[in-house]
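Notes to accompany the following structure.
The values are calculated or read from the model by the stated rules, or taken from the named source; none is laboratory data. From a predicted model like this one, the values you see are computed outputs, not experimental measurements. All Cβ positions, even for glycine, are placed from backbone atoms using ideal geometry, and neighbour counts span all protein chains on display. What goes into the accessible areas is simple: the full protein's heavy atoms, side chains included, and nothing from ligands, DNA or RNA. Shrake-Rupley method; radii C 1.70, N 1.55, O 1.52, S 1.80 Å.
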Amino acid sequence: MKDDIERVLIDEEVIEKRLDAIAAKVERDFPEGTLLVIILLKGALVFAADLLRRVSRQLEIECLNVASYHGGTDSSGRVDFLDRGFPEVKGRHILLLDDILDTGRTLHAVKARLAEAGAAAVHTAVLLAKDKIRDEEVSVDYVGFRIGDEFVVGYGLDYQGRYRNLPYVGVLKESVVGK
Ligand code: XMP
């Protein structure tokens, strides 16, 4: 798996330090009371597991399964909600976690859905934000790292379902993407 990586963009140690800072900010920013965290599957799983263990507040956790890439390296332009149900969010303060902000469509669609369902407030956190013009402008409260507009894997992010368990964020060799 590691042989398929062209270069490491953000290593594990750097990610861990950044998560400490984001967790401290989350603790300061949210009002007292139980916070509802919504994790967007599957990409935000690793980010969420490492971030949430650093937040010493009462949390409830829900997951939402959404898809926009459908396995490749470009957004399909469509955001599909793959779950049958939707969490009960009325009146709740929510922290929404995603792996990466790219075109902005996913977070835009999910935030709209949460607002429609009566959430009291929605804060968003992403591990990565691509530096580019977005199709949907969406405000994000916590950004781990800003990166260039290139396809990355690892630390939860996949290519065709693989590489999510790499402990760092990296770029795949062209020969692997071309296969
Ligand atoms: P949008 O375009 O809706 O994208 O902001 C958000 C979702 O697209 C996926 N995505 C990526 N996945 N490497 C990945 O493995 C990438 O470089 C990448 N860029 C976008 C991801 O699922 C994210 O939640």
ALA119: net charge of surrounding residues, Cβ under 11 Å, Lys/Arg +1, Asp/Glu -1, itself excluded?
+2
Subtracting the Cα-Cα distance from 0.36 nm times the residue separation, let me have the gained length for ILE61 to ASN165 in nm, one decimal.
35.3 nm
ARG7 versus SER75, label points 7 Å from Cα toward the beta carbon: distance in nm?
2.5 nm
Per-q log10 I(q)/I(0), the stretch 2-172, q = 0.12, 0.13, 0.20 Å⁻¹ (Debye; single scatterer per alpha-carbon; no solvent):
-0.51, -0.60, -1.47
So what is the accessible area of the stretch 2-172 per residue, in Å², with the probe set to 1.4 Å?
49 Å²
Rounded, prolate or oblate: which one fits the stretch 41-124, using the alpha carbon gyration tensor with axes a ≥ b ≥ c (rounded when a/c is under 1.5, else prolate when a/b beats b/c, else oblate)?
oblate
Rg to Rh quotient for the stretch 1-85, alpha carbon positions, Kirkwood Rh:
1.03
Given the options ASP158, ASP83, ASP98, which has the most mean-square fluctuation in a GNM of the chain, springs set between C-alpha atoms less than 10 angstrom apart?
ASP83
Using only Cα atoms, find the angle between the long axis of helix 12-29 and the longest principal axis of the chain, and express it within 0 to 90 degrees, rounded to the nearest 10.
20 degrees
Using a 1.4 Å probe on the protein chains only, how many percent of the accessible area of the chain belongs to carbon and sulfur?
45 percent
Distance cut-off 30 Å, Cα to Cα: go down the list LYS25/LYS173; LYS2/LYS25; LYS17/LYS90; LYS132/LYS173 and report the pairs above it.
LYS25/LYS173; LYS2/LYS25; LYS17/LYS90
Quick one: net charge of ASP20's neighbours, Cβ under 12 Å, K/R +1, D/E -1?
+1
Could you name the lysines in cross-link range of LYS42, using Cα to Cα under 19 Å and dropping any fewer than eight places away on the same chain?
LYS111, LYS130
In whole angstrom, note down how far apart the Cα centers of the stretch 1-21 and the stretch 111-155 are.
19 Å
